[in-house]
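Read the structure below first, then the notes.
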Amino acid sequence: MTLTRPAPVAAPGSPSVPGRPPRAASRAYAELPPAADAAARALRLDALLGDPDDADNPYRRADRGALGGLPVPEGLREEFVPPAAGGHFTGGEELARALRPLFRRDLALGQAWGVRPLLVADDGSGCAPPRAVELAALLAPAALTAVTGGVLREAVRVVDARGRHEPAVRQWHGTLAECFADLLACESLVAVALRSLDAPGGTAPALTAAVGYAVPQLVADVRSALDLVLHETGCGPASPQARALARIADDLTPAGLDWVAATVDQARLVRVRDTPDDAPPFRAGSAPGHPLFRLGRPLGEGLPASGCAEALAAALPEAAAGIHVAGPPAQVALARTARRLNTELRTLRIPLLRAAHAEPADPAVRALADRRALLLLAAAVLGVREAATAVPGAYLGAPDWALLALARVTGRLGVPLPPGLTDPRDHVWAVLAHRVRHHVDVDVYATRMLW
């Protein structure tokens, strides 16, 4: 599918683009499209924030102390208000997509205008979204992945331009592909958690904790890799790209994404149970195509209260069962990697039961929390990838990115990969470079950007 800049999308309340029905307009906006009005609002916000490369643009990267002097973009507040009260809020996933232009602009700006409003208690007027505190806790990691993706795009531009004339620079293609896969994995986990907020029982506590703990950890690895690539390609500490990386690190604590929050989430990962201890570890057919993983589509009704937790628990064993299904090499390799991770999941069950009342500072307990978070991340990746295979042309349904993301998970777990796996990095790099050249975001939805 040819990727181009987004076609004009009608603003809310205005006529549709001539010759293009609303649903087609939303498909022009992303591979996994939101509702047409949500796409229009996101594009409008992007336009209001202006060109990020314009040095005179106050929304480019304002100092944290100057945020109070900047006008809030028109219509932003309505994103947090339910339709019954005159706003646009219909769910966490759509809110995150509508705010994505703000999030990818600057972490401090996203925290001030996209996360902090949710921390204000509802005064009974019905103007606050449900589960606002949980939603805020998930939007902060969403903002972190978005702004880090902006630096990834800049690094890709540098490497892509120089690599055409300096073959040695191409050695960084694989590193940037790994960064892309890590961010897609993080965004899959965040999107699944945001969608689970709309489920009858709400999000699984361990899932929320995994987002708060694993996403900042993985994004820190991405930033380290980007720092190395930028340094080795001549972008020193004074370069715009390096300054953007440094600013992200400076904004982590005000955004509640520092080691203090990680410690709390680490303890929750060990202590909370999302399913009964006597529940069967795997029920065939409960994960593939589960509504929880169908990004960009309504969650639907009739889900049991434990449906989200069960879908996550089944995602790894379901994918591992695909090892017996013929397919392309990358798909077979993905099933073999899932089988290896599923073995890790089974071995984690008893130690977690024993550590439920242990001291969180114990190194062994911390290690258990790390493993549980990474395995939840792997489950989200596999569930999202499997569900996306039903969307024609969506890169999210391809096995390459998921295989690379899971290979990174196994490395962090210290688990050896199955022998003889295909290396997907060249394919992932090709998609990443193509997106950057054609003004497409590095998010799970493949969103077209104005700038």
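The values are calculated or read from the model by the stated rules, or taken from the named source; none is laboratory data. In this text the structure is predicted, and so the values were computed from the model without any measurement. Note: ideal-geometry Cβ built from the backbone for every residue, glycine included; neighbour counts use all protein chains shown. With ligands, DNA and RNA removed, areas are computed over all heavy atoms of the protein, side chains included. Shrake-Rupley method; radii C 1.70, N 1.55, O 1.52, S 1.80 Å.
A few points about this structure:
- ALA369 being within 26 Å of ASP423 (Cα to Cα), at pLDDT 90 or above and surrounded by 23 or more Cβ atoms within 10 Å (Cβ to Cβ): no
- Residue among VAL151, VAL159, VAL147, VAL115 that is touching a Leu at 6+ places or on another chain (Cβ under 6 Å), farther than 30 Å from VAL81 by Cα and surrounded by 20 or more Cβ atoms within 10 Å (Cβ to Cβ): VAL151
- With respect to the conditions (1) open to solvent by 30 Å² or more (accessible area, probe 1.4 Å); (2) touching a Leu at 6+ places or on another chain (Cβ under 7 Å); (3) part of a helix (DSSP H, G or I), GLU74 falls short on a single one, namely (3).
- Pairs where the first residue, in segment 314-336, is open to solvent by less than 30 Å² (accessible area, probe 1.4 Å) and part of a helix (DSSP H, G or I) and the second is among the polar types (S, T, N, Q) and at pLDDT 85 or above, C-beta under 8 Å, 6+ apart: LEU316/ASN342; PRO317/ASN342; ALA319/ASN342; ALA320/ASN342; GLY322/GLN331; ALA330/THR422; ALA333/THR422
- Residue in segment 409-424 that is touching a residue at least 40 places away in the same chain (Cβ under 8 Å), among the aliphatic types (A, V, I, L, M), surrounded by fewer than 19 Cβ atoms within 10 Å (Cβ to Cβ) and in a helix (DSSP H, G or I) present: yes
- ALA128 passes every criterion in (1) part of a helix (DSSP H, G or I); (2) over 12 Å from the mean Cα position of the chain (by Cα) apart from (1).
- Of residues in segment 22-35 being under 21 Å from the mean Cα position of the chain (by Cα) and either of a type in the set (Lys, Arg) or more than 19 Å from HIS438 (Cα to Cα) (or both), the one surrounded by the most Cβ atoms within 10 Å (Cβ to Cβ): PRO34
- With respect to being buried (at least 23 other Cβ atoms within 10 Å of the Cβ) and touching a residue at least 12 places away in the same chain (Cβ under 8 Å), GLY397 falls outside the description.
- From the options ALA214, ALA242, residue that is in a helix (DSSP H, G or I), without any contact (Cβ under 8 Å) to a residue 40 or more places away in the chain and open to solvent by less than 20 Å² (accessible area, probe 1.4 Å): ALA242
- Residue match in segment 90-108 (condition: modelled with pLDDT of 95 or more, in a helix (DSSP H, G or I) and among the basic types (Lys, Arg)): yes
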